[in-house]
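See below for the structure under consideration.
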Amino acid sequence: MNRVSVYIFIFLLTIILVLSYNLFISSNGYKERDSLKNQNNNLQQRNKAIRDTNEELKFEIINAQDSDEHIENYARENLNLSMPDEEFIKFDKKDVKEEDE
């Protein structure tokens, strides 16, 4: 009876060691879980940024379809277009910051 209990103890200890190795050290353990969590967080942030950009684009499209003034403003600001007798002046943010200092 005593010999059987020693074998059972060794067997259980072996199982515990194998499971501990799998949990803490192997590729299926905590390190892999943490890596996947970080990847998931990064992808969620990228998705949020893309969603925000899509919302802005939807807003721009709806405004462009509904308003000629919006199209004119877009052409002036982003494409640097102006009427033949107009002069278009655009300030860079760098220039403004340098002048403030």
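The values are calculated or read from the model by the stated rules, or taken from the named source; none is laboratory data. Since the model is a prediction, treat every value here as computed from it, not as a measurement. Reconstructed Cβ throughout: ideal geometry from the backbone, glycine too, with neighbour counts over all protein chains shown.
Yes or no: residue 34 farther than 30 Å from residue 78 by Cα and surrounded by 10 or more Cβ atoms within 10 Å (Cβ to Cβ)? First the steps, then the outcome.
Working: farther than 30 Å from residue 78 by Cα: yes; surrounded by 10 or more Cβ atoms within 10 Å (Cβ to Cβ): yes.
It is true that residue 34 is farther than 30 Å from residue 78 by Cα and surrounded by 10 or more Cβ atoms within 10 Å (Cβ to Cβ).
Could you tell me whether any residue of the range 42-51 is of a type in the set (Lys, Arg), closer than 30 Å to residue 71 by Cα and either outside any helix (DSSP H, G or I) or over 13 Å from the mean Cα position of the chain (by Cα) (or both)? Lay out the reasoning, then the answer.
Of the residues in the range 42-51, the ones of a type in the set (Lys, Arg) are 46, 48, 51.
Keeping just the survivors that are closer than 30 Å to residue 71 by Cα gives 46, 48, 51.
Those left that are additionally either outside any helix (DSSP H, G or I) or over 13 Å from the mean Cα position of the chain (by Cα) (or both): none.
No, the range 42-51 contains no residue that is of a type in the set (Lys, Arg), closer than 30 Å to residue 71 by Cα and either outside any helix (DSSP H, G or I) or over 13 Å from the mean Cα position of the chain (by Cα) (or both).
Could you pull out the residue among 55, 87, 72 that is in a helix (DSSP H, G or I), at pLDDT below 90 and of a type outside the set (Gly, Ala, Ser)? Can you show your working first?
On the way: 55 fails: at pLDDT below 90; 87 fails: in a helix (DSSP H, G or I).
Step by step, each of 55, 87, 72 is checked, and only 72 is in a helix (DSSP H, G or I), at pLDDT below 90 and of a type outside the set (Gly, Ala, Ser).
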